[in-house]
Amino acid sequence: NGSIINLSKIVEDSISKGEKRDSTDIEHSIYVKGDSDLLAMVVCNLVDNGLKYSPEDEKVNLSLKRSNGSASLIVEDYGIGIPREERDMVFTSFYRATNAEKHGINGYGLGLSLAMSIINGFDGTILLTDNSPKGTKITVTLPAINVEQD
């Protein structure tokens, strides 16, 4: 399912169109099997969420690394975070964390459920944990593909 694509390029392109509020550490030439438009949508959604739920002056950190045959994309923000007891629910369509509602942040509760469907469809995983000292850390892991380059 999907074709072999350069995930590093997709991540870099999504940053260059984005806001200047991200700090990045992108390893080059990481390839995965997938759909470039769908994976670009996931990356943009995760970065947009990080920015949306963070104070104006906070950066969103984005890294892409390859290790043990996997590509790991990590998006870290320093925003309001997601209550621990609601973490599994935020991947359900239309569910919004109670603190997002309380802070009056607009959204439909579709981004993370869509991201999870896309990532699972390409044999990947998406994991949500606390960021330190505050905020959210999302790790997307996909099987990396070896591509011979001249």
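The values are calculated or read from the model by the stated rules, or taken from the named source; none is laboratory data. In this text the structure is predicted, and so the values were computed from the model without any measurement. No Cβ is skipped: glycine too gets one built from the backbone with ideal geometry, and neighbour counts run over all protein chains shown. Side chains included, ligands, DNA and RNA excluded: accessible areas come from the protein's heavy atoms. Shrake-Rupley method; radii C 1.70, N 1.55, O 1.52, S 1.80 Å.
Would you pick out the residues in the range 87-128 that are among the aliphatic types (A, V, I, L, M) and either over 15 Å from the mean Cα position of the chain (by Cα) or assigned to a helix (DSSP H, G or I) (or both)?
Residues satisfying the conditions are Met89, Val90, Ala97, Ala100, Ile105, Leu112, Leu114, Ala115, Met116, Ile118, Ile119.
Every residue, every condition in (1) more than 21 Å from Ile4 (Cβ to Cβ); (2) part of a strand (DSSP E or B); (3) open to solvent by less than 30 Å² (accessible area, probe 1.4 Å); (4) among the aliphatic types (A, V, I, L, M), yes or no:
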| residue | (1), (2), (3), (4) |
| --- | --- |
| Val32 | no, yes, yes, yes |
| Asp37 | no, no, no, no |
| Val42 | no, no, yes, yes |
| Asp57 | yes, no, no, no |
| Lys65 | no, yes, no, no |
| Gly81 | yes, no, yes, no |
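Quick grid of which residues meet (1) of a type outside the set (Asp, Glu); (2) at pLDDT below 80; (3) under 23 Å from Ile15 (Cβ atoms):
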site	(1), (2), (3)
Pro55	yes, no, yes
Leu64	yes, no, yes
Asn68	yes, no, no
Tyr78	yes, no, yes
Phe94	yes, yes, no
Lys102	yes, yes, no
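Those residues that are open to solvent by 20 Å² or more (accessible area, probe 1.4 Å) and either modelled with pLDDT of 85 or more or not in a loop (DSSP other than H, G, I, E, B) (or both), I need them from the range 129-138; list them, please.
Thr129, Asp130, Lys134, Lys137
Considering the range 114-132 alone, what residues qualify as being over 19 Å from Ile5 (Cβ atoms) and either of a type in the set (Gly, Ala, Ser) or free of Cβ contacts under 8 Å to residues at least 12 places away in the same chain (or both)?
Thr129, Ser132
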